[in-house]
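This report refers to the structure that appears directly beneath it.
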Amino acid sequence: PQLNYVKPKEVLLHEAQQWLPLVGTDLAEYDVPVEHPDSFEMILEGDPPPVKVSRGWVSRRSRVRADTGTTIFGRPSYAIRRVKAGNLSIVLAVAPDRKKAEIDDLEEGIRATHRALSVLGEPPAAELRIVESTPPPMAMAVGGRSFIALGVDALTRTVVAHELGQSWFGGLIPNSQKGDWGGQWPESLAEFVVTWALDETRARTLRQEWAHGYSPVFGDEDPLRVTRNFRGNASRAILYCKGPLLLAAVERRAGRPALQAALARFVRERANQPSTWADIV
């Protein structure tokens, strides 16, 4: 499914779907100017200020590398809050009619998730943009190295934790696009680490949801190493339920500190290298 679109009421050019040209070994660096009506709110990497270019129009400029990509997002208006979590600077942009209590809870959830996932190392990007948007069909949210797009029903701590996990799993460490596509392992790892950001009662409830989601397809399935996303309920159950259940079972046997150390080592050793389930094992 296409991630990128330009519509009168919303613009999304996502780093997960190549839209900057690749040159040679992908070391090209681009100066990207975005011109738009000054009544339209555009969110770019670096949070650049608008500069007037003509009557009613402004420009924002972002400098990015082709090998990491960048995401550009825009809507007519937002309620914007800037959040600091450790070394991470976050621009949180939601619909202007959201209640303050909702935004406060989301901000606290972001901080709690950052603390929990810091065992993996610092987030790959020094800044993160989290926006309320319209994800593609079949998706509640879309994450990346430095950008999270959340649907109307996805402004929850659980979804934010999953998408922030994808800053490392899928963002810093890309999925292999060759052969079996590496089983699209980033979804399983990002879903599993959500439990680190929850109290034990909520974590137990989430593990029960995985078990219920996986039980109908048990025995009639592809292996994790070849399962691809958006192939129907069976593949979704394998990636989002079976995968994290497997990791939860390993954690129960080896202990959380051991598994956290192993995944942190995986992050260090596989950074910027397309990887598969075999590399995780």
Task: Qualifying residues in segment 110-168 (those that are under 15 Å from ALA85 (Cβ atoms) and part of a loop (DSSP other than H, G, I, E, B)) - the one most open to solvent (accessible area, probe 1.4 Å) - done: GLU122
- [ ] With the checklist (1) surrounded by 13 or more Cβ atoms within 10 Å (Cβ to Cβ); (2) within 23 Å of the chain's Cα centre (by Cα) in hand, flag the one item ARG82 doesn't pass.
- [x] (1)
Open item on the list: Any residue at all in segment 262-277 that's surrounded by 15 or more Cβ atoms within 10 Å (Cβ to Cβ), over 30 Å from ASP67 (Cβ atoms) and among the charged types (D, E, K, R)?
Closed with: no
TODO: Quick one: ALA197 ticks every box in (1) at pLDDT below 80; (2) open to solvent by 20 Å² or more (accessible area, probe 1.4 Å); (3) touching a helix residue (DSSP H, G or I) at 6+ places or on another chain (Cβ under 6 Å); (4) among the small types (Gly, Ala, Ser) except a single one, so which number is it?
DONE: (1)
Open item on the list: ALA249 - would you say it is modelled with pLDDT of 95 or more and surrounded by fewer than 15 Cβ atoms within 10 Å (Cβ to Cβ)?
Closed with: yes
- [ ] Answer with yes or no whether ARG207 is within 23 Å of TRP277 (Cβ to Cβ), of a type outside the set (Asp, Glu) and open to solvent by 40 Å² or more (accessible area, probe 1.4 Å).
- [x] yes
TODO: Go through the residues of segment 56-78 one by one and say whether even a single one is open to solvent by less than 10 Å² (accessible area, probe 1.4 Å) and farther than 24 Å from ASP31 by Cα.
DONE: no
Open item on the list: Which count do you get for residues in segment 91-109 that are of a type outside the set (Gly, Ala, Ser) and in a loop (DSSP other than H, G, I, E, B)?
Closed with: 4
- [ ] List every residue pair whose Cβ atoms lie under 8 Å apart, where the two residues are 6 or more positions apart in sequence or sit on different chains, the first residue falls within segment 48-65 and is free of Cβ contacts under 8 Å to residues at least 40 places away in the same chain and aromatic (Phe, Trp, Tyr), and the second residue, located anywhere, is open to solvent by 90 Å² or more (accessible area, probe 1.4 Å) and not in a strand (DSSP E or B).
- [x] TRP57/ASP38
Open item on the list: If a residue must be over 30 Å from VAL267 (Cα atoms) and touching an Asp or Glu at 6+ places or on another chain (Cβ under 8 Å), how many such residues does segment 85-119 contain?
Closed with: 3
TODO: From the list ASP104, ASP47, pick out the single residue that is loosely packed, with under 14 Cβ neighbours inside 10 Å and of a type in the set (Asp, Glu).
DONE: ASP104
Open item on the list: Any residue at all in segment 17-38 that's closer than 21 Å to TRP168 by Cβ, open to solvent by 30 Å² or more (accessible area, probe 1.4 Å) and not acidic (Asp, Glu)?
Closed with: yes
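Let's see how each residue does on (1) of a type in the set (Asp, Glu); (2) closer than 19 Å to TRP185 by Cβ; (3) in contact with a helix residue (DSSP H, G or I) (Cβ under 9 Å, 6 or more places away or on another chain):
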site: THR201; (1), (2), (3): no, no, no
site: GLY213; (1), (2), (3): no, yes, yes
site: PRO216; (1), (2), (3): no, no, yes
site: GLU221; (1), (2), (3): yes, yes, yes
site: ARG228; (1), (2), (3): no, yes, yes
site: ALA248; (1), (2), (3): no, yes, yes
site: PHE266; (1), (2), (3): no, yes, yes
site: ARG270; (1), (2), (3): no, yes, yes
site: ALA278; (1), (2), (3): no, yes, yes
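The values are calculated or read from the model by the stated rules, or taken from the named source; none is laboratory data. Not measured: the values here are computed from a predicted model. When we count neighbours, we look across all protein chains shown, and the Cβ atoms used for this are built from the backbone with ideal geometry, even at glycine. In case anyone asks, the SASA skips ligands and DNA or RNA and just uses the protein heavy atoms, side chains included. Shrake-Rupley method; radii C 1.70, N 1.55, O 1.52, S 1.80 Å.
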